[in-house]
Amino acid sequence: MIKFLSSLLALIERVFAHFDQERWKRQGRQETIKEAADVVEHQIKLGEAAIAVPDPTRDERLRNRFDRSRFRQ
């Protein structure tokens, strides 16, 4: 009887350990997703800041690229 109870308690402990491990995995995934979203948001802000600064060389280069693509069609 004692052997059965100790086996039952060991099984219950394993089940709780598994649930706890899954919870930690899920939390780790959520943290990873948040970090990736933060990196993307940072890159978007950098891109917006780069566009906001007037750059005549870049504007001319883009204008030339647009003109060349228009004549190829």
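Bridgeable lysines around LYS45 (alpha carbons under 20 Å apart, same-chain partners fewer than 8 residues away excluded): LYS34.
Treating r as the C-beta distance of GLU13 and ILE33 and R0 as 22 Å, the FRET efficiency rounds to 0.10. Using 0.36 nm per residue and subtracting the Cα-Cα separation, the extra length available between ILE44 and LEU62 on full extension is 4.5 nm.
Under 25 °C and 0.890 mPa s, how fast does the chain diffuse according to Stokes-Einstein, given a Kirkwood radius computed over C-alpha pairs? Answer in µm²/s, whole number. Each step should come with its number before you reach the end.
Numbers: Rh = 18.1 Å.
Approximately 136 µm²/s, per Stokes-Einstein.
Every number in this text was worked out from the coordinates using simple rules, so none of it is lab data. Note that the structure is predicted; figures quoted are calculated from it, not measured. Positions of Cβ are generated from backbone atoms using ideal geometry, with glycine treated the same way; all protein chains shown enter the neighbour counts.
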